[in-house]
Amino acid sequence: MHNHSTRSDGLLSPTQLIELASRNGVDAIALTDHDTTDGLDEAAAAARGSAIALVPGVEISVDWGGTTLHVVGLAIDPQASALAEGLRGIREGRWGRAERIAAALEKLGFAGTFEGALALAQNKEMLSRTHFGRHLARAGVVKNVQQAFDKYLAKGKPAYVPHKWATLEEAVGWIRASGGVAVMAHPGRYGLKPMMRDEMLAQFQRYGGEAIEVVTGSHRPEEYAAWQRVANEFGFLASRGADYHGPGESPIEPGMMPALHASLRPVWSKWTH
Ligand code: AMP
Ligand code: MN
Ligand code: MN
Ligand code: MN
């Protein structure tokens, strides 16, 4: 229930993603590109010729008091106007942010990174840090994308640029207004201490958030049990997703994640009937 394509920072086209999922025996998959629903038509067309059900999705970038959160929307209607307008607003901010990232990298001695990242982005509206990371790896500045984040692009590193994304309330509101289910993506990735984590999840739930990811390519397997407990304490539905970005970058492909613990109610139980 969480995968990327070339419409954001994935390496496979929507069609290639569906083909891979098909080979892996997946029966239902969500395409959840960052801040865009652009790939959903192509994914739906590819899924039509296969045994796979496509769940239309998106992964919305949120600023929560200086912490960037990701909220996945599942079973959304991409035509819904509040969602479409909201996502367009977020995408508009990405170009200027990329210019600021490039300026910070230039100060560190790396020229031409805006052009380099842009050349690697198939969707020019969706310039992301991943594209900068790939460019730096190709240029030989770092040995891989991960190292580009660890040295330069991650929060607290010299080319990190804070950014005002959507608010948590807006992101959940847009998803719900489009008929979708709001899922807190990879809650273990935000580095929040237990009190802040609980405050964040309580707010998310108040705004109408219904689920959290428990089993995700962005959590280590030894973390699953802790997030399972959190889901059960709050009464959240649970989601599972590879957070797949492509060969060479995401070792776990769609369809290869372990099952959710039997105590959890899967988010897809909402619509499998
Ligand atoms: P952006 O939305 O432009 O800030 O890019 C966010 C994307 O960068 C995430 O969805 C991941 O694909 C990738 N990313 C973020 N943090 C890291 C990290 N520490 N290591 C590797 N990739 C990361
Ligand atoms: Mn990504
Ligand atoms: Mn994410
Ligand atoms: Mn993701």
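To keep it simple, each residue is scored yes or no on (1) in contact (Cβ under 8 Å) with a residue 60 or more places away in the chain; (2) away from ligand 1 (no atom under 16 Å from the Cβ); (3) in contact with a Leu (Cβ under 9 Å, 6 or more places away or on another chain); (4) closer than 22 Å to Gly241 by Cα.
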{"residue": "Ala171", "(1), (2), (3), (4)": "yes, no, yes, yes"}
{"residue": "Gly179", "(1), (2), (3), (4)": "yes, yes, no, yes"}
{"residue": "His186", "(1), (2), (3), (4)": "yes, no, no, yes"}
{"residue": "Val215", "(1), (2), (3), (4)": "no, yes, yes, yes"}
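Would you check if Ser50 is of a type outside the set (Asp, Glu) and farther than 18 Å from His245 by Cα?
yes
Checking Arg91 against (1) farther than 29 Å from Pro162 by Cβ; (2) touching a residue at least 24 places away in the same chain (Cβ under 8 Å); (3) of a type outside the set (Gly, Ala, Ser); (4) open to solvent by 20 Å² or more (accessible area, probe 1.4 Å), which single condition isn't satisfied?
(1)
Of the residues Glu85, Glu42, Glu106, Glu115, which single one is of a type outside the set (Lys, Arg), away from ligand 4 (no atom under 16 Å from the Cβ) and closer than 22 Å to Glu19 by Cβ?
Among Glu85, Glu42, Glu106, Glu115, only Glu42 is of a type outside the set (Lys, Arg), away from ligand 4 (no atom under 16 Å from the Cβ) and closer than 22 Å to Glu19 by Cβ.
Cβ-Cβ below 8 Å, separation at least six or inter-chain, first residue in the stretch 54-79 and within 20 Å of Ala242 (Cα to Cα), second more than 13 Å from ligand 4 (Cβ to nearest atom) and of a type in the set (S, T, N, Q): which pairs?
Pro56/Thr37; Val58/Thr37; Gly73/Ser178; Ile76/Thr37; Ile76/Ser178
Please enumerate the residues belonging to the stretch 1-36 that are open to solvent by 30 Å² or more (accessible area, probe 1.4 Å) and within 25 Å of Ser81 (Cβ to Cβ).
Once the filter is applied, which keeps residues that are open to solvent by 30 Å² or more (accessible area, probe 1.4 Å) and within 25 Å of Ser81 (Cβ to Cβ), the stretch 1-36 yields only Arg7.
Kindly establish whether Pro251 is within 16 Å of ligand 2 (Cβ to nearest atom) and either among the aliphatic types (A, V, I, L, M) or surrounded by fewer than 21 Cβ atoms within 10 Å (Cβ to Cβ) (or both).
In short, yes.
Only one of (1) within 16 Å of ligand 1 (Cβ to nearest atom); (2) at negative phi; (3) open to solvent by 50 Å² or more (accessible area, probe 1.4 Å) fails for Arg240. Which number is that?
(1)
Could you check how many residues of the stretch 254-273 are over 19 Å from the mean Cα position of the chain (by Cα) and open to solvent by less than 20 Å² (accessible area, probe 1.4 Å)?
1
The values are calculated or read from the model by the stated rules, or taken from the named source; none is laboratory data. None of these values were measured; they are calculated from a predicted model. Quick reminder, even Gly has a Cβ in these numbers, built from the backbone with ideal geometry, and neighbours come from all protein chains shown. The area values use the complete protein model at the heavy-atom level, side chains included, leaving out ligands, DNA and RNA. Shrake-Rupley method; radii C 1.70, N 1.55, O 1.52, S 1.80 Å.
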